[in-house]
1. Looking at ASP298, ASP288, which is the one that is touching a residue at least 12 places away in the same chain (Cβ under 8 Å), of a type in the set (D, E, K, R) and farther than 26 Å from SER50 by Cβ?
2. Return yes when ALA152 is buried (at least 24 other Cβ atoms within 10 Å of the Cβ), in contact (Cβ under 8 Å) with a residue 24 or more places away in the chain, outside the structural domain of VAL53 (by TED's automatic domain parsing) and of a type outside the set (Val, Ile, Thr) and no when it is not.
3. Among the residues of region 234-255, what is the count of those that are in contact (Cβ under 8 Å) with a residue 24 or more places away in the chain and over 23 Å from the mean Cα position of the chain (by Cα)?
4. List the number of the failed condition for THR317; all other conditions in (1) under 22 Å from VAL181 (Cα atoms); (2) touching a residue at least 12 places away in the same chain (Cβ under 8 Å) hold.
5. How many residues does region 30-60 contain that are in contact with a helix residue (DSSP H, G or I) (Cβ under 6 Å, 6 or more places away or on another chain) and within 12 Å of the ligand (Cβ to nearest atom)?
6. Quick one: would you say GLU77 is more than 16 Å from the ligand (Cβ to nearest atom), touching a Ser or Thr at 6+ places or on another chain (Cβ under 9 Å), farther than 20 Å from PHE202 by Cβ and acidic (Asp, Glu)?
7. Look through ALA62, ALA68, ALA58, ALA47 and report the one residue that is in contact with an Asp or Glu (Cβ under 6 Å, 6 or more places away or on another chain), part of a helix (DSSP H, G or I) and crowded, with 20+ Cβ neighbours inside 10 Å.
8. Given the structure, is THR199 in contact with a Cys (Cβ under 7 Å, 6 or more places away or on another chain), β-branched (Val, Ile, Thr) and in the same structural domain as GLY342 (by TED's automatic domain parsing)?
Amino acid sequence: MSSCPIDSKVIRPIRFIAGQCQMLDQRLLPSEEVWNTYTTYEEVAEAIRSMVVRGAPAIGVAAAIGVALGVRDIETESASEFFQQLEEICAVLAATRPTAVNLFWALERMKHFAESNLDRSVVELKIGLEYEALAITQEDEQINRKMGSNGAPLLPDGSRVLTHCNAGALATAAYGTALGVIRAAVESGKKIAVIADETRPFLQGARLTAWELQKDNIPVTLICDNMAGYLMSKGEIDCVIVGADRIAANGDVANKIGTYTVAVLAKEHQIPFYVAAPISTIDLSLADGSQIPIEERDGREITHIKDYQLAPSGINTCNPAFDVTPNRLVTAIITENGVVKGDYLTGLTQVVNKR
Ligand code: MRU
């Protein structure tokens, strides 16, 4: 693939430079822009678990860098012993968040690289894994730009586009998936106005999508999650575009909690509902969305905003972080290898296997 344009204005939330991983702490946005530095795989695992970095492709990128950091400290000359310790590092990173398949995809790719180079010295394996993590990072941006150009024609000039959660530069190495499609449409000269759901309880829409679109001067209006139906009924939304954390072989889509609600509303109002995701988000091993593991997070995310308590102490909570939108509600899935519609089983298999 060709290299990406170097533009200092482009938001890249993860940097892997001089043997260190730096991540923009997304928990603090938009009020503070703080970069944290990580030098061990355990620290990277904790950053994923605690949502310093979040969003399916970004989690994959961070995990790959975590592996590269982790293997540096392996002290052995034996390739098989090296591989065993590499698997232990991957197991720690894999145990951080269960839903986004990009995490497991990236770890498998790192393991596969090592496995296919076991005839090399341990020093060469360490260097090779560092390059592999860098390649995953750079390719993610290129993939998102390709997805953007594939998806941009679906957004009419002048359209008002609803999005849920943050599927932007912050959720990837750069550019974004759903927001990448919006960026590409804007770059092609179209006027696009974004309506961003705030996305309770973690507020990725209010804190992150609003922040990065404002930074890019793309018009964005923030709404509470429960306002989307009203706006649709008034004819104020022309289409919906979201990202995904895992897509089953039949086209069922796991994404941020609340996505399913938006998809049902879009169907009721005959509004196209698009999903933008790289092929690394497609999990052909799962027949349908009922098999996708859904992360359950701490109820404190619902009862509190930072340290401010919103609900009575001791209240029961239920906090699934994702839901599954059935394929019948999805108008099209935009990938870097093409746009899939209709027969998702055939179409997704084709884009995944396209070289
Ligand atoms: O819990 P998060 O913030 O990691 O959830 C993120 C999402 O649900 C995104 O929509 C998804 O990962 C797509 S990101 C390109």
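The values are calculated or read from the model by the stated rules, or taken from the named source; none is laboratory data. The structure presented is a predicted model; accordingly, all values stated were derived computationally and were not measured. Don't worry about glycine lacking a Cβ; one is built from the backbone with ideal geometry, like all the others, and counts go over all protein chains shown.
1. Matching residue, one of ASP298, ASP288: ASP288.
2. It is false that ALA152 is buried (at least 24 other Cβ atoms within 10 Å of the Cβ), in contact (Cβ under 8 Å) with a residue 24 or more places away in the chain, outside the structural domain of VAL53 (by TED's automatic domain parsing) and of a type outside the set (Val, Ile, Thr).
3. Residues of region 234-255 that are in contact (Cβ under 8 Å) with a residue 24 or more places away in the chain, as a first pass: 236-255.
In the following step, the residues that additionally are over 23 Å from the mean Cα position of the chain (by Cα) were identified as 236-238.
Of the residues in that region, 3 qualify.
4. (1)
5. 8
6. In short, yes.
7. Values: ALA62 fails: in contact with an Asp or Glu (Cβ under 6 Å, 6 or more places away or on another chain); ALA58 fails: in contact with an Asp or Glu (Cβ under 6 Å, 6 or more places away or on another chain); ALA47 fails: in contact with an Asp or Glu (Cβ under 6 Å, 6 or more places away or on another chain).
When all the criteria are applied, what remains is ALA68.
8. Against the criterion (in contact with a Cys (Cβ under 7 Å, 6 or more places away or on another chain), β-branched (Val, Ile, Thr) and in the same structural domain as GLY342 (by TED's automatic domain parsing)), THR199 qualifies.
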